[in-house]
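The values are calculated or read from the model by the stated rules, or taken from the named source; none is laboratory data. Values in this document were obtained by computation on a predicted structure and should not be read as measured data. Cβ: placed from backbone, ideal geometry, glycine included. Neighbour counts: every protein chain shown. Areas reflect the complete protein model, heavy atoms only, side chains present, ligands, DNA and RNA absent. Shrake-Rupley method; radii C 1.70, N 1.55, O 1.52, S 1.80 Å.
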Amino acid sequence: MYEATLRIESSAPFAAVTANTDAYLELYCSDHSDLLVVRGGDPDRMLERVREHVPVRDSLRGPEELVVITERCLQPVDVPTIERYLDETDSLLLPPIRYESGRKIGRVLALDPENLAQLYADLSEEYDVTVEAKRELTSLQGSVPFVSLVDALPTLTARQREVLLAAHRNGYFEIPRGVTLEAIGDELGIGRRATEEHFRRAVNKLMDAFVEYL
């Protein structure tokens, strides 16, 4: 089996909910309503944004999480992106569908890597698509969940993500270290102390999220 994670431009209402925020939204569909799990951002503000796009039946709010049940399923009015190509490429879309920074993120599974390549080619003709990750699945690794590992991903702020990706891109994690945090701050236009704080907070979030799987 082969899996790819695709980030794709989307005009879906739930993509708009996450635009220009540090929050992400996970969508679980049914035939009559949707279940939304929103993490990151202010829960009250995120609930307001959801209500702007879809009627809400009920909701639960925590300090950093929002769970919403909608009045109806949005699938009939959503513009299909990945879904319309699944049959043609003999691929499966793994739940949940994720929306982040105004984009749709889908994890797709196929038995043949050529099908994933064709899916990407088809999507690229109409949309701006980025392959975030891809891998071949040959076995189940210990206790790591096959379908829902994405649920373990922590919520990073836009700046935390930017600093962490810059550190990786410039060789901060290599031996010997290829760059300093001060140099990363200079590249991003922020001070050394702020860079260090964003970096350490991002690393701490990732470690807290994944240490149980090590």
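What the table below lists for this structure:
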{"read-out": "Residue check for Val67: touching a Lys or Arg at 6+ places or on another chain (Cβ under 9 Å), over 28 Å from Lys134 (Cα atoms) and either aliphatic (A, V, I, L, M) or surrounded by fewer than 16 Cβ atoms within 10 Å (Cβ to Cβ) (or both)", "value": "yes"}
{"read-out": "Test: residue in region 35-55 that is among the β-branched types (Val, Ile, Thr), over 18 Å from the mean Cα position of the chain (by Cα) and open to solvent by less than 20 Å² (accessible area, probe 1.4 Å)", "value": "yes"}
{"read-out": "Checking Ser30 against (1) over 18 Å from the mean Cα position of the chain (by Cα); (2) open to solvent by 70 Å² or more (accessible area, probe 1.4 Å), the condition it does not meet", "value": "(2)"}
{"read-out": "Per-region count, region 164-188, residues under 19 Å from Lys205 (Cβ atoms) and assigned to a loop (DSSP other than H, G, I, E, B)", "value": "2"}
